[in-house]
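Read-outs throughout are calculated quantities, based only on the coordinates presented, and are distinct from any laboratory measurement. These numbers were taken from a predicted model, which means no experiment stands behind them. Every residue, glycine as well, gets a Cβ built from its backbone with ideal geometry; the counts of neighbours run over all protein chains shown.
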Amino acid sequence: MSPLDRKLLRDLWRMRGQAFAISLVVAVGVMLLVMMNGIVNTLDETRQTYYDRYRLADVFAPVKRAPDHVLQDIAKIDGVGAVEGRVIGGALIDIESMAVPVRAMAVSLPDFGAPILNDVYLAAGRKISPRRRDEILLLKGFADAHGLAPGDTISATLNGSRRRFDIVGLAQSPEFIYATAPGEIMPDDRRFAVIWMSEEALAAAYDVDGAFNQALIDVARGVENKSVLTAVDRILQPYGGTGAYDLDDQFSNRFVVEEINQQRMSSYITPPVFLAVAAFLLYIVVSRLIEAERIQIGLLKAFGYTSAEVGWHYLKFILAIAIVGTMMGCGLGIWSGRAMAASFQQYYKFPFLVFAADPSVFLTAILISMSSATAGGLIVLRRVFALMPAEAMRPPAPDDFSKSASVIKTLKGVLDQPTRMIVRRLLRQPRRALAAIIGIAAGMSLSVGTLGIMAGFEDSFNLSFTVVDRSDATVIFIEPLGDKTIYELKREPGVFEVEPFRSVPVVLKHGVKSHRGEISGLIEAPQLNRALDADLNPIAMHGGGIVLGAPLAKILSVSTGDTLVVEVREGRRPVFEVPVTGIAETLLGAPAYMDLEALNRAMKEPNRVSGAHLTIDEAQSAAIYERLKDMPGVAGVALREDVRKAFRRIMDSGAGAMRFIMAILAAIITFGIVYNSARIAFAERAHDLASLRVIGFTRNEAAYVLLGELALLTFLALPLGYLMGVGLAEAMAEGFSTDLYQIPANVGLESFGTAMVAVLVASVLSGWLVKRDIDRLDLVSALKSRE
Amino acid sequence: MEIPESELVVFLGASGSGKSTLLNILGGLDRASDGEAHFFGQALTEMSDGQLTQYRRHHVGFVFQFYNLMPSLTALENVELVTEIADDPLDPAEALGLVGLGKRQDHFPAELSGGEQQRVAIARAIAKRPTVLFCDEPTGALDSVTGRQVLRVLQDINRDLATSIMVITHAAATAEMAHRVIEMSDGQIREMRVNPTRKSADEIVW
């Protein structure tokens, strides 16, 4: 090994603490990049594999009742690869520990053989025996949530008749990755079930013997779904088809895709910011490290080493630090990506994960860290190389402090000598001071940004459950009922307020743009579940028009005054036009609101409601739920408390855990930056500090000169860090938001305060570490080290 | 002014008289703002950075007042740092032997005395068999006994290896061992004299 390489290794070892701190910052940036990329790729790959392996249909066509022979007509449509009819229906399951019955979906499986489409993954137990009407497979998530296992029995109500069933197996299915009750947004394992049972048994229960009420269609590769959808709708129309839809509109798939896209967007925005901050730190640290080596560089050049040889030596030094950081980052990224992807399984019911990482991400990580390290090194090396060796070996000329003299003069009476030294130095080297301030501020902005995003989620959550939704429970009807049900509800003892609503599944069309969603029909001035804009003002309904959430208006590219075509997807499926009378910046989601009466008028179904929000007397809740359970027409009751808990669980897992990790990483980077700033400042000033000690300064006084400077830089960095954090939070909020979900960034005082505390803790800790070295300063050798 | 090969030349002068600047220019460490300097007929003052590097690499050795050893390398490795890039170097251990440090070759600079460090620096400078050895105040940081040891090493090298040596010093007594003495003040050469009778390093008293 050449002596230069030996010098390299020994120098690295001597500076191991600082080298590690720099590596760590690089590692954290790389880790986030690799982790997020891994999660996105793994989720996407898993989803694809799951769909393929269990033959998820491309098109779902619900119909009231179509005889089996119609399937042959569908099979003849151009581009249809496979078709299968099945029976589905709503059900209610009684669970002793639950106050209200659990809503469920019953899905048929062929009596013989495996289904052609939408197969299920058997997680436990066995398949249903042919023609056994009392055997079911139960959704695994639901079974786990209630401690049910094969061999247990449950009681379920199908189409009005209650029966007991034997659970013979637990299943999962690609169409219920994201399993939520109809009309709800957040999945809750405890409150929604899927049961699979014999087709014959289910058909009998729902009076569709010899027929089907949902067709599953596989569309051949390369064929547009749209043409198939139109053809299927035409065939099923006479049988009461309610409109075929493809995977894009399939509830579970839509949310899984949305979530993956959200992660992907976020992975495009957040890691580059973290990496940029790490790169900036690397640049600052490397340039100052090399600056400190100028005498050795001059010496090597005096021996006759060429600039290229000396440059390569220092580049190797920098690259070693960057490579260690990158490797650690890749390792940690792969590991945490896997752990995180597994945590996403909390609410994505994947039976397996297909780990996938895009090799190009490693290349990107290596390229970014190497190039920023190299750039930092080269910029300084060029400066040093421009010097003749004789100059390089002379310590830099004493800094000229005359410029700051006038400022200092005015401060003379106010500040003591050591403080004046601090101020002088900052005024003398404003660029270096600025770089240090920006570095610390950049680290802090990561903390501010991630905390702001977390606070934003928290805010949305709290607003949703305190300001927006003030009901205790929501009753949902099987199908829209006349408003006399509302009067019945109002007469229930213990029920205080009843606020009806109508929710209509629709496709909104404007020109070529369309969106499948629902219109919420609200009574005038609702109190329990209100439509609020982002400033928490009630959204006003204007006559018979429709008010859209801003993201929805963007999807449909409409503005106030335009007319939308509304195709209703239930009942008689009317089609009507409605003017857009308002666009509201909404808190969450992409809602469409209409006045309840106007909506019913347009539907030509006066006085119909889909459900009602209730406030009740807490003391009588059990009795009230008991009676609601048996009320005809009630599909289910959602308790706000249950919904809130489910929401909370979802928020804290998966993407929530990711945000938490980001906050931790931000804190690590912040610490790395502050610590390195302190370390380098100490290295640069060890000589001056020793001189101060020699002329009689105490340890603490000498430390004050250095740490006071750091403290001042840190305080100056706080407001800048806040401002940069606000910008970052907004950019990240943009990344987290999707077409359907707007995530507000909330960089309030709390985020600022927490980030500030993180920076201050990092400063105090770094200060303490450096203070120990100041105390140990060897006066004689420090003074000898330079002329 | 011309300096013949294989001489030991001493530059005398007060602080600020320009002797270090002259030495730096002659050694290719710095550029002259005015005037010319030649090395075997080649104009040093017209060389590019690359040519100066090659000049330093193949023809010149340096010894500095504060030794300037790499603290993270042992004595032997400090010498190897130079033999690594030289054309026909001495064996590094042999070079250390020449300055009497054969047994201390695996010590780090922090484990060596000032005189020992300076002798490592000399070994490092002569190991490439330079044509000229430039020494800037080589004894400036040393006591008289150690200083004399260092001077003896320089004298031996001049005699045994026929290396030209140029020594800067403000200790006038050192001049007594030189072939030629050049006195400087205010950036000018005031006087150049040839020493009729040279003393050995051991005889010098200061």
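Using only the Cα atoms of region A:443-504, build the gyration tensor, take square roots of its eigenvalues as a ≥ b ≥ c, and label the shape rounded, prolate or oblate: rounded if a/c is under 1.5, else prolate if a/b is larger than b/c, else oblate. It comes out prolate by the Cα gyration axes. Beyond 27 Å in Cα-Cα separation lie the following of the pairs A:K127/A:K349; A:K349/A:K513; A:K140/A:K513; A:K140/A:K645; A:K226/A:K604; A:K76/A:K127: A:K349/A:K513; A:K140/A:K513; A:K226/A:K604; A:K76/A:K127. Can you work out the FRET efficiency for the pair A:S97 and A:K64, with r the C-beta to C-beta distance and R0 = 45 Å, to the nearest 0.05? That pair, A:S97 with A:K64, gives E of 0.80. Maximal additional length on extending the A:F355-A:E488 stretch stands at 42.5 nm, based on 0.36 nm per residue less the C-alpha distance.
Between A:V761 and A:M631, with labels modelled 7 Å along Cα→Cβ, what's the label distance in nm to one decimal, could you check? According to this spin-label approximation, the distance is 5.0 nm. Can you tally the net charge around A:V273? Count Lys and Arg as +1, Asp and Glu as -1, for every other residue whose Cβ sits under 13 Å from the Cβ of A:V273. Charge balance in the 13 Å sphere: -2.
When both region A:6-31 and region A:35-83 are represented by their alpha-carbon centers, they are found 51 Å apart. Using the Cβ of A:E567 as centre and a radius below 10 Å, the other residues enclosed give a net charge of +4, where K and R count +1 and D and E count -1. Considering only DSSP beta bridges with both partners in region A:135-206, what is the antiparallel share in %, to the nearest 5? Antiparallel bridges make up about 65 percent of those DSSP assigns within region A:135-206. Below 23 Å, Cα to Cα, which lysines can A:K7 reach? Residues fewer than 8 away in the same chain don't count. Excluding near neighbours in sequence, the set is A:K301, A:K316, A:K784, B:K103, B:K128.
Relative contact order of chain B, taken over Cα pairs closer than 8 Å and 6 or more residues apart, is 32 percent.
Compared with the dominant principal axis of the Cα atoms in chain A, helix A:417-428 is inclined by about 70°. Could you list the residues of region A:501-517 with an amide nitrogen less than 19 Å from a label point located 7 Å from the Cα of A:E479 in the Cα-to-C-beta direction? Under 19 Å, as judged by backbone N against the label point of A:E479, lie A:501-507 of region A:501-517.
Distance between the C-alpha centres of region A:107-151 and region A:271-286: 53 Å, rounded to the whole angstrom. Extension gain for A:N462 to A:S2 (0.36 nm times residue separation, less C-alpha to C-alpha distance): 159.2 nm. Across the alpha-carbon atoms of chain A, the computed radius of gyration and Dmax are 33.4, 103 angstrom.
Computed on chain B, the Cα convex hull volume stands at 118 Å³ per residue. I want the local charge near A:R133. Using Cβ-Cβ distances under 14 Å, sum +1 for each Lys or Arg and -1 for each Asp or Glu among the other residues. Spelling it out: positives minus negatives among the neighbours equals -3.
For A:I519, the residues 5 or more places off, or on other chains, whose built amide H falls under 5 Å of its own are A:V504, A:V506.
As a rough guide to protection, the peptides B:71-79, A:744-752, A:129-137, A:622-630 ranked by mean Cβ packing within 10 Å, highest first, stand as B:71-79, A:744-752, A:129-137, A:622-630.
Reported to the nearest whole Å, the Cα centre-to-centre distance from region A:214-255 to region B:139-179 is 98. Amide H contacts of A:D562 (H built 1.01 Å from N, in plane; Pro and chain starts excluded): A:V580 sit under 5 Å, all sequence-distant by 5 or more or on other chains.
In a simple Cβ point-charge model (Lys, Arg +1; Asp, Glu -1; nothing else charged), the protein assembly as shown has a dipole of about 1540 debye relative to its Cα centre. Dividing the mean sequence gap of close Cα pairs (under 8 Å, 6+ apart) by how many residues region A:245-376 holds gives a relative contact order of 43 percent. Sequence-ordered 3J(HN,Hα) estimates for region A:523-538 from the Karplus curve with 6.51, -1.76 and 1.60 and θ = phi - 60° stand at 6, 5, 6, x, 10, 8, 10, 9, 8, 10, 8, 5, 8, 6, 8, x Hz, glycine and proline given as x.
Of the chymotrypsin sites (Phe, Trp or Tyr not before Pro) found in region B:34-74, those that fall in a DSSP loop while having at most 15 other beta-carbon atoms within 10 Å are B:F40.
Given contacts defined as C-alpha pairs under 8 Å and at least six residues apart, what's the relative contact order of chain A, whole-number percent? After rounding, I find 18 percent. Helical content alone sets the calculated 222 nm signal of the protein assembly as shown at -16000 deg cm²/dmol, taking -39,500 (n - 2.57) per DSSP H segment of four or more residues and averaging over every residue.
Spacing of the modelled spin labels on A:A339 and B:R159, each 7 Å from Cα toward Cβ, amounts to 7.3 nm.
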